[in-house]
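Here the structure is laid out as structure tokens; the discussion comes afterwards.
Bear in mind that the values in this text are calculations on the coordinates, not laboratory data. Given the structure is predicted, the values throughout are model-derived calculations rather than measurements. Heads up, the Cβs are rebuilt from the backbone with ideal geometry, glycines too, and the neighbour counts pull from every protein chain shown.
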Amino acid sequence: MSEQMSRRNFLKSSAAAAALAAAPKMRGPWVINRRRQNTVVLRIQAFAHEAIQAVLPPFQESTGLTVQLDTGPSSGVEHLTEATTAYAAGDSPWDVVSDSDEGAPVEARAGWLEPLDGVIPQETWDDFPQGMRDAFPVWYGYDGAMYRVPHEFAVGYYFYRKDLIGEAPKTWEEVIEKGLEVTDSANNVWATADGLTKGALMFVYLAYLTSQTGGDIFAMDDGLANAARLLYEMINTYKIMPQDVINMNYDQQNELYMDDKVMFMRQWPFFQSVAEGNAAWYSPDKVAIALPPAGPMGGGSWWGGWGFTIPKLAPNMDGAKALIAYLTSNEVAPQLAAGQSWFVMPRTSILNAMAGTGNPIVDAMGMYADAGVIRPRPFHPRAAEAQIAVEDAISLYITKQATLQEALQTGKDLLAALE
């Protein structure tokens, strides 16, 4: 985990140390000098704003800072494009950024991110389970330093309408069988749907299916071929998915589900809070969670996640360090998790705080872990470009512009060009 520091040494080395005496009631390494810039800009997805705002008053009152929220995209590739455009131009409009798996590794290697060693205390890192920490050097660090701290543990959960179909399909075969029973295309009712717009979302779903085949998506192997074939058949052969899923984003997918037009779907955990927020529609049986349907190698759903970074060019560096330490602290992380399911992670502090509360995402996380269906996110050193290569190739097959073998070969050629 790069350098380990004692709390005392951390405080000596951080910009927060000088302000400890001025704000003795504020506990933690996020206390900063009130005389510095009084605004910190945090860029994060819109659906997380309410939960963030709920935890900010103690921080703002004790530091004299005002936190301004800026809306970031939900697509990791879109985020990477926008962030790198700013950073490469020698500018950052933000002080703290919710950063994606696609973005942070590239940005760290380019020297655009501030190291977090000495910013995030060891007690925060120790709050994460070993399984997550094992992935930190690849997805959150670079060359021995940490550049991103997770605020999300994203597993694609399998939501279904228990009130309408009783049980979710348990296998790929049952997905087709049940799908044919419940689909009513004349009335825009579908067995399943997903957001498959190119630019990251189609890759997400293909990687989800490939985790159920034992394949290597970046090898364009037989496992990916099986996944692509199932997607093609659901859209084109059996027609249990709407044709326009290839142009659908997550908001449109969620709206279709909450409009009673979809019976089961894979979606990220943030949907739980979205559904609960639709109070006139919501009931627990409408958003039940089952284990993912088993493919050739059983059930599977990969995990990844967004995390906080500090741009090297942050206009308020001291404020950024104070805010990122505060938001990820063992005291505040459980408050965020209670406010938005997107922030639920298997951190000790969060699980202890939410134990016995009946939180659906906490329960689902345990169910998925116990069943052994959580898979690591497929890694490629040029993740964003590699994901686009996969999408460009497989979409040719899904849209009937190429055979599956032609699409796989196209993908291999595109990926080879990245080496």
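Helix 172-182 and the longest principal axis of the C-alpha atoms of the chain enclose an angle of approximately 70°.
In plain terms, the residue of THR210, THR348 with the fewest other Cβ atoms within 10 Å comes first and the most crowded comes last, giving THR348, THR210.
Pairs over the 32 Å Cα-Cα cut-off, from the set LYS261/LYS412; LYS178/LYS198; LYS261/LYS400; LYS312/LYS412; LYS162/LYS412; LYS198/LYS321: LYS261/LYS412; LYS312/LYS412; LYS162/LYS412; LYS198/LYS321. Between GLU406 and ALA145, the C-beta separation translates, for a Förster distance of 60 Å, into a calculated FRET efficiency of about 0.90. Subtracting the Cα-Cα distance of ASP251 and LYS312 from their residue separation scaled by 0.36 nm leaves 18.8 nm. When Rg and the Kirkwood Rh are both derived from Cα coordinates, the Rg/Rh ratio for the stretch 225-283 amounts to 1.03. Each Lys and Arg contributes +1 and each Asp and Glu -1, all at the Cβ; summed about the Cα centre of the chain, the dipole is approximately 1240 debye.
Find the percent of Cα-Cα distances in the stretch 347-419 that exceed 17 Å, and round it to a whole number. Tail of P(r) above 17 Å: 62 percent of Cα pairs. Computed over the alpha-carbon atoms, the stretch 33-115 gives an Rg to Rh ratio of 1.00, Rh here being the Kirkwood radius from the mean inverse distance. Relative to one another, the C-alpha centroids of the stretch 151-208 and the stretch 318-339 are positioned 34 Å apart. Against the main long axis of the alpha-carbon atoms of the chain, helix 404-416 sits at an angle near 30°. Going from the residue with the fewest nearby Cβ atoms within 10 Å to the one with the most, LEU65, LEU256 rank LEU256, LEU65. Size of the stretch 114-262 from its Cα atoms: along the principal axes, largest to smallest, the extents are 59, 35, 27 Å. Starting from the Kirkwood radius over alpha-carbon pairs of the stretch 344-386, derive D by Stokes-Einstein at 37 °C in a medium of 0.692 mPa s and give it in µm² s⁻¹. Once the numbers are plugged in, D ends up at 265 µm²/s. Looking at the chain only, what percent of DSSP beta bridges run antiparallel? Nearest 5 please. Rounded to the nearest five, the antiparallel share is 55 percent.
Along each principal axis, taking the top coordinate minus the bottom one, the Cα set of the stretch 142-211 gives 54, 26, 20 Å in descending order. When the Cα positions of VAL41, ALA416, ALA364 are compared along the charge dipole of the chain, VAL41 comes out farthest toward the positive end, with charges on each C-beta of Lys, Arg, Asp and Glu. Cα-based radius of gyration for the stretch 265-419, normalised by 2.2 N^0.38 Å, reads 1.34. Database remark: amide H of PHE308 closer than 5 angstrom to the amide H of ASP99, VAL149, HIS151 (H placed geometrically; neighbours at sequence offset of 5 or more, or on other chains; Pro and chain starts carry no H). The ellipsoid equivalent to the alpha-carbon distribution of the stretch 46-186 has semi-axes of 37, 20, 19 angstrom, derived from the gyration tensor eigenvalues as √(5λ) and listed largest first. Spatial offset of the stretch 71-97 relative to the stretch 263-298 amounts to 30 Å, using the alpha carbon center of each.
Between the helical axis of 49-63 and the dominant principal axis of the chain, each derived from Cα atoms, what acute angle in degrees is found, rounded to the nearest 10? The angle comes out near 10 degrees. Of the Cα atoms belonging to the chain, the radius of gyration and Dmax stand at 21.9, 69 Å. Mean sequence separation of contacting Cα pairs (under 8 Å, at least six apart), scaled by the length of the stretch 85-238, corresponds to a relative contact order of 12 percent. Stokes-Einstein diffusion for the stretch 270-353, with the hydrodynamic radius set to the Kirkwood value over Cα pairs and evaluated at 37 °C in a medium of 0.692 mPa s, equals 206 µm²/s. Summing +1 for each Lys or Arg and -1 for each Asp or Glu among the other residues whose beta-carbon sits under 12 angstrom from that of TYR232 gives +2. Net charge in the neighbourhood of SER349 (other residues with Cβ under 11 Å of its Cβ; Lys, Arg +1, Asp, Glu -1) is -3. Extension gain for the segment GLN243 to LYS261, taken as residue separation times 0.36 nm less the Cα-Cα distance, is 5.1 nm to one decimal.
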